[in-house]
Amino acid sequence: MIYSLLIVASPVSGHGARTAAGFALSAIASGHSIQRVFFLDDGVYCGTASAVFPQDEADRLQPWLQLAREHAVELVLCVSSALRRGMLDPTEAERHEKAAATVHPAFCIGGLGQLVEAVNQCDRLITFGG
Amino acid sequence: MATADRPRLLVVIRHTPYGSGLARASLDAALAAAAFDQPIQVLFMGDGVLQLVPGQDSSAIGLRNIARLLGSFPLYDIEHVYIDEEAAGRLGVDPSKAPLPTRTLNAAGIHALMDSCDHLLSF
């Protein structure tokens, strides 16, 4: 089965984002495919390259990097959610004259059209958080 | 428009208009789906019915007016808009005064609507 995921949960509040990454890894391990994960609202914080987690807590970024690198899952941050939260890739940082990019290179920034496309191409859309 | 092969999408809006960013995000998602010619229906449910309160003025809190955004739905051909009858009654929202035309649904109607769609986008 082809799944698409929509993440609206913040990585630092509650369990939604962590559960989503765990679901994605488990689904792939069970033979399903995850084409795209779309991050909206506070979910875009999942793509931060600059967060520092306490040593006794799990690294929230690592499972997403594993999905992108080992399973070619596309990780897309909603552009309007991302910009107003200071989540910038090098292109957006330069365009808006900000000091630095804050999004990890494993993630890309895209429009809501990419969520619509993911909905059209999957068998199941699963939302985490909200 | 050839939309028969596209999945039927239901956007379920459950958040108050100015209590979180999700209200705005859910409306943007609905508008984006409509802009891409996706067959879409919208359900205001629970606290989400408060988005349909008439005469909203958000200028004092520096946020965009949700009611005005809702008023643009017909321009995007979003015509199937439903409101949770029980929540509207409980929260004192009069559907006849909402910023856009809606149809009221009771619990059984909501169940049937969700059952008839391929995907739920729930915020």
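None of the figures in this text is laboratory data; all of them are computed from the coordinates on show. Here the structure is a predicted model, which is why all the values come from computation and not from measurement. In this analysis, Cβ positions are derived from the backbone assuming ideal geometry, glycine residues included, and neighbour counts consider all displayed protein chains.
Miscellaneous remarks
- Counting only DSSP H runs of at least 4 residues, each contributing -39500 (n - 2.57), and dividing by the residue count of chain A, the helix-based mean residue ellipticity at 222 nm comes to -10000 deg cm²/dmol.
- Furthest towards positive pole of dipole, A:F38, B:M114, A:V79, structure part the protein assembly as shown, Cβ charges: A:V79
- Distance from the stretch A:56-101 to the stretch B:42-56 (C-alpha centre basis), Å: 32
- With a 10 Å cut-off around each Cβ of A:103-112, the average count of Cβ atoms from other chains is 1.
- Other residues within the sphere of radius under 14 Å centred on the Cβ of B:A88, judged by their own Cβ, net out at -1 (K and R +1, D and E -1).
- Pairs of Cα atoms farther than 22 Å apart, the stretch B:2-122, %: 29
- Highest average packing first - A:47-55, B:62-70, Cβ atoms within 10 Å: B:62-70, A:47-55
- Taking 0.692 mPa s as the viscosity and 37 °C as the temperature, the Stokes-Einstein diffusion coefficient of the stretch A:1-87 based on its alpha-carbon Kirkwood radius rounds to 250 µm²/s.
- Placing a label point 7 Å from the Cα of B:E86 along the Cα-to-Cβ direction, the residues of the stretch B:28-63 whose backbone N falls under 13 Å of that point are B:45-47.
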